[in-house]
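We did not get these values from a lab; they are worked out from the coordinates using the rules stated. Bear in mind the structure is a predicted one, so any value in this text is a computation, not a measurement. Here the Cβ positions follow ideal geometry from the backbone for every residue, glycine too, while neighbour counts run over all protein chains shown.
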């Protein structure tokens, strides 16, 4: 997963550090070696993505892929998704929603807001590990646009 | 205070009875009065008759005397004619008078007095007439002058006059009595009329009061009823809200429980994976000389894998429970879809899905009565009866093939009751409510299950506005009775109303 010279950074917004660790391990096992930037709450993630002023200019020129959990302590993943998809700088960055919820309405809402992929975390670890690894394989062939 | 039905009847009946009695009294009185009037009229006629007889007799005697005088004066026969006519008439007139006076008490004396006076007078008259006839004018005149004839005549006049006065008095009395009778009748009719009116008014008043009380009671009942309806609405809305909250709560909790479970399961697997190199190392001859190598070996090869496997089964179980809660709460949130459901077809479908189990155990599913078509949520109904039939086959008695009977019991117009009866192992009395609780099971725990089936069934039935009860005897079998509305749409409309 790369463009000439510019590595793609994976922004992981996940409040459960255990989950974050398991996701990271399995992505690495799939051979993805890109930089992984973890956040455990919504506000610090938004600050990184959109800057302190919220304009999103800080992300200009970055190549980002967002892994988003919906259950966060300070805000819902939905509102983060909304902010990303409504910001002209980062709106093209792929957002992969990775959460425990498999409620049909929630899934619909995320796609309506512009989520690129929605994955339910399987509780069974073998399936979980498998899913993350496949995601990692998917990353390897994915094209990520540069933010403007 | 309300007039009781009995009191009302008593009051009305007594008023009517009083009215009838008064009416009867008036009729009786009128009859009696008429009778009396008839009597007094007869008496009046008789009295008048007496009077005219008296007058007639007097006039005949006077005629006779007048004729006698004329004959004495003129000696002409033509004056004698009135005399003879009158004398002849006298007897007839007297007899008439006698007849008229026949029933009068003191008439005998009067009649005999009058008779003798009359006879004397007639005798005197005929004596003078005969003397004159014989040419003895002077003797005849002397007889007249003796005043005997005048005295007799006076006597007759006074007798008849006295009698006439008596008769006149009687006549007056009879007229007065008749007038009194009429007056009494008139007054009693007026009084009776007033009494009947009063009785009627009394009955009308009682009825009016009763009716007013009825109307009042009805309006009070309406108010109460309305209040009750409002209260039921409020309560139902509260319950609905509470139910929704519980479901939302269950949903959120189960999700939040899942997240840590992912970690537990994930890291357990990671741990197991990490164990592999350690297991290799402890068996390396290089480390066999290290102190405590035996303990390390035991830990790596048996203790830690055993602990991990316990953690794994426990988390698996917990995952199952969380999924069950999630399923229940999701069912509770599912929007019910009322449609026409042919229960015959529904049970045929269920029979098809348990065919394998039936064949395996040589069991049968019997639909005993014709099943109606109702308006309900097909999926919920399938789950309810599918679960019940599944349970009936799952918990069959060991010594006999399972027989499941389905039948409909007549209920009200709006409800239908479906019974699912089995000949399985039955449920002990103390477990009759417990079996509906979540994660609770009863009897021998020899079949897999999480204890959510009946809890789920009960939740579904309640959501459809119904009830589920059971009757069971341990070792004999169980009958589940599902009472559901014939039209789910009405139930949903009512709930919609409550929410609105």
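Counting only alpha carbon atoms, the long axis of helix B:77-101 and the longest principal axis of chain B meet at about 30°.
Please label the shape of region B:242-331 as rounded, prolate or oblate, based on the square roots a ≥ b ≥ c of the eigenvalues of the alpha-carbon gyration tensor (a/c under 1.5 means rounded; beyond that, a/b larger than b/c means prolate, else oblate). Here region B:242-331 falls in the prolate category.
Average 1/r across all pairs of distinct alpha carbons in region B:5-213, invert it, and you get the Kirkwood radius: 22.0 Å. To the nearest ten degrees, helix B:304-333 and the longest principal axis of the Cα atoms of chain B are 30 degrees apart. Spatial offset of region B:380-422 relative to region B:335-362 amounts to 11 Å, using the alpha carbon center of each.
The protein assembly as shown gives an Rg/Rh value of 1.67, both radii derived from C-alpha positions and Rh following Kirkwood.
As a rough footprinting exposure proxy, the listed residues B:15, B:480 were ranked by other beta carbons within 10 Å of their own, and the order from fewest upward is B:15, B:480. Overall, the anisotropy analysis places region B:308-412 in the oblate class: the square-rooted eigenvalues a ≥ b ≥ c of its C-alpha gyration tensor yield a/c not less than 1.5, with a/b not exceeding b/c.
Enumerate the residues in region B:355-369 having an amide nitrogen under 17 Å from the point lying 7 Å beyond the Cα of residue B:348 toward its Cβ. In region B:355-369, the label zone of residue B:348 (backbone N under 17 Å from the point 7 Å along Cα→Cβ) covers B:355, B:365-369. Could you work out the relative contact order of chain A, using alpha carbon pairs under 8 angstrom and six or more residues apart, expressed as a whole percent? Once divided by the residue count of chain A, the mean separation gives 30 percent.
Dividing the mean sequence gap of close Cα pairs (under 8 Å, 6+ apart) by how many residues region A:56-114 holds gives a relative contact order of 43 percent. Entry note, chain B: the mean residue ellipticity at 222 nm calculated from DSSP H runs of n ≥ 4, each adding -39500 (n - 2.57), is -26000 deg cm²/dmol after division by the residues and rounding to the nearest 500. Seen from a random direction on average, the alpha-carbon convex hull of region A:1-141 projects onto 8.0 square nanometres. With r as the distance between the Cβ atoms of residue B:42 and residue B:201 and R0 = 45 Å, compute the FRET efficiency 1/(1 + (r/R0)^6) and round to 0.05. In this case the efficiency is close to 0.60. Helix B:378-394 and the long axis of chain B differ in direction by around 70°, with both axes built from C-alpha atoms. Whole Å is fine, so just give me how far the alpha carbon centre of region B:92-131 lies from that of region B:247-277. If you average the Cα positions of each part, the centres end up 153 Å apart.
Listed by Cβ neighbour count within 10 Å, with the fewest neighbours leading, B:155, B:145, B:434, B:132 appear as B:145, B:434, B:155, B:132.
Here region B:185-271 is treated as a Stokes sphere of Kirkwood radius computed over C-alpha pairs; at 25 °C and 0.890 mPa s its diffusion coefficient rounds to 121 µm²/s. If you find the alpha carbon centre of region B:1-70 and of region B:291-314, how far apart are they in angstrom? Distance between centres, Cα-based: 133 Å. Residue order for A:137, A:65, B:171, fewest other beta carbons within 10 angstrom first, comes to A:137, B:171, A:65.
Placing a label point 7 Å from the Cα of residue B:403 along the Cα-to-Cβ direction, the residues of region B:332-376 whose backbone N falls under 11 Å of that point are B:364-366. Averaging the sequence gap over all C-alpha pairs within less than 8 Å and six or more residues apart, then dividing by the number of residues, gives chain B a relative contact order of 11 percent. Taken over chain B, the alpha-carbon convex hull comes to 325 cubic angstrom per residue. Quick note on region A:26-68: its Rg to Rh ratio, both from C-alpha atoms and Rh being the Kirkwood radius, is 1.04. Global dimensions of region B:1-103 from alpha-carbon coordinates: Rg and Dmax equal 31.6, 107 Å. Across region B:24-63, the residues whose backbone nitrogen lies under 19 Å from the label position 7 Å along the beta-carbon direction of residue B:99 are B:42-61. The Rg/Rh ratio of region B:410-500, with both radii computed over alpha carbons and Rh defined as the Kirkwood radius, is 1.06.
For region B:108-234, the Stokes-Einstein estimate of translational diffusion at 25 °C and a viscosity of 0.890 mPa s comes to 106 µm²/s, using the Kirkwood hydrodynamic radius over alpha-carbon pairs.
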